[in-house]
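Below you'll find the structure, written out as structure tokens, and then a few comments.
The values are calculated or read from the model by the stated rules, or taken from the named source; none is laboratory data. Note that this is a predicted model, so its numbers are computed, not measured. Here the Cβ positions follow ideal geometry from the backbone for every residue, glycine too, while neighbour counts run over all protein chains shown. Accessible surface is based on the protein model in full, side chains and every heavy atom, while ligands, DNA and RNA are left aside. Shrake-Rupley method; radii C 1.70, N 1.55, O 1.52, S 1.80 Å.
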Amino acid sequence: FPYTTLFRSYLLYVPSRGEYRVIRNNTATTINCVGAFGATLNGLAYQIYEQKTIVNSVTPLLTSFCVIFLNNTAYRDSLYANNLRISTPSGKGGFLCKDCAPQFIRCRAGGTGGSGGAFLFQTISGEVKMSDCYSHDGFSGFNFFRCLGVSSVTRIYAYNFSLAGILCQMSLISSLTYAYSDNGGNNGCFYIYGGQVDTSSNFYADTSTTWGIQIAYATKCLLTAVEVRNATSRGIWVHSNERVGLHGVLVDTVSAGPGIDFFGISAFTKIDTSCAISGCSTYGIQVNQDSATVADCSNGGAVTLIGTVGTPFVIQNNTLGGIYATNGGVVNMAYVNGTGNGGFGLNLREGSRAIVSHPGTLTGSSGDTTIDDGGNVLTWASHFSANGDSMTNNNNFCRIVRID
């Protein structure tokens, strides 16, 4: 691969496989694509393409809004777009699909403004299908708003947006896979608000002026293989949801906040399998720390962090500490390890509690854990060496108990 040109947004095609992938970035010797190929490509020839058909103007009817507007109530299953590229005038949106069942293959929209952004799907009761699509430079990338059948969406990539790269708002979403977002804006790389996101996997968020992923007011959100790098205020922000499950989480480098921030937990919140949180300027995991809304912080739910003997949940090299819980926050943890943290591995304040199964090596520069607002230091080896060991602070009602 003898080229130094940046091929972001181009399509990598392997003729013998018949597979296309959007290129995320490259060097002179490597190409990184959005989503995995079906099999190894060693020794196979490849080609690089751009999307062919280019649209760069809007019709008089839509001069104030977007380039392509589909409000198809009569023929809801009639739209199929393949290899289409939109380069819009300043201030206009790209695709707006309303009340239809669209399918987009290898499409691109860029330089888009307006309230819809590059791809907007609104009040769709049928199925939305997409693969190998790219959006860039504008207000928002892929926006699913009040959609009931978002599935078979894979290998989508949003780059450089002032609001957010990928938004899932009050929608029912399943089988959203290989969703990438770089350079998110005011609402981060991903913003999941309300509705339900189920059986979805491979979410990648890289570089955001706020958080990498926000999950808020969702009835259900179950994601597998979540990776967040180079966020600013939070890596992942989880609040005011009913049921959240994250499996296989990596958060690396948050410049002005925690790796994962929980508050307003009302029911089930679980993070497990091969997780690692590191390089955060405050805490690896923070529970119920929101001074502006202390009264709303805890609704009786708990955060559950689960590792295994062979693959512990790792929280390491975070500036202020590993886990910080306050305002009645509850943490359930099993096989949680991590060194190189400042402060304490686990710090409980103001009525917070922890249930620990098989204590690992989670520690900080001040010690393993404290239930005394940073006062008396407790150690996993001496204070919680056996099943049933517990320590309670009767002044602030903090408590840790080991239950294997």
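Given axes a ≥ b ≥ c from the Cα gyration tensor, I'd like to know whether the stretch 81-183 is rounded (a/c under 1.5), prolate (a/b larger than b/c) or oblate. Rounded, since a/c falls under 1.5.
Across the stretch 131-137, rounded Karplus estimates of 3J(HN,Hα) from the backbone phi angles (6.51 cos²θ - 1.76 cosθ + 1.60, θ = phi - 60°) give 7, 6, 10, 9, 10, 7, 6 Hz, Gly and Pro being marked x. Label-to-label distance for S151 and K52 is 3.1 nm, based on points extended 7 Å past Cα in the beta-carbon direction. Taking a ≥ b ≥ c as the square roots of the eigenvalues of the Cα gyration tensor, the stretch 290-404 is rounded, since a/c falls below 1.5. Computed over the chain with a Gaussian network model linking Cα atoms closer than 10 Å, the most mobile of V55, V287, V251 is V55.
Per-residue packing, averaged as other Cβ atoms within 10 Å, sorts the ranges 20-31, 303-314, 130-141 into the order 130-141, 303-314, 20-31, beginning with the highest.
Taking all protein chains into account, the per residue accessible area for the chain stands at 39 Å² (1.4 Å probe). In order along the stretch 332-343, phi translates into HN-Hα couplings of 9, 9, 9, 6, 9, 10, x, 10, x, 7, x, x Hz, rounded to whole numbers, per the Karplus curve 6.51 cos²θ - 1.76 cosθ + 1.60 with θ = phi - 60° and x for Gly and Pro. Across the stretch 165-281, the mean sequence separation of Cα contacts (distance under 8 Å, 6 or more residues apart), normalised by length, yields a relative contact order of 20 percent. Among the listed values (1) 22.2; (2) 23.2; (3) 21.1, the one matching Kirkwood radius over Cα pairs in Å as calculated from this structure is (1).
Surface composition of the chain: carbon and sulfur atoms hold 50% of the protein heavy-atom accessible area at a 1.4 Å probe.
When all alpha carbon pairs of the stretch 214-261 are counted in 10 Å bins from zero, the resulting P(r) reads 28, 52, 20 %.
In terms of accessible area, using a 1.4 Å probe and ignoring ligands and nucleic acids, Y46, Y159 rank largest first as Y46, Y159. By a 1.4 Å probe calculation restricted to protein chains, T199 has an accessible surface near 90 Å², given to the nearest 10.
Short-range pairs are left out: with C-alpha atoms under 8 Å and at least six residues apart, the relative contact order of the chain is 6 percent. Shape of the stretch 101-156 from the C-alpha gyration tensor: oblate (a/c of 1.5 or more and a/b not above b/c, with a ≥ b ≥ c the square roots of its eigenvalues). Look at the alpha carbon pairs under 8 Å that are at least 6 residues apart: their mean separation over the length of the stretch 92-211 gives a relative contact order of 19 percent. Computed on the Cα atoms alone, the convex hull of the stretch 145-278 gives a volume of 81 cubic angstrom per residue.
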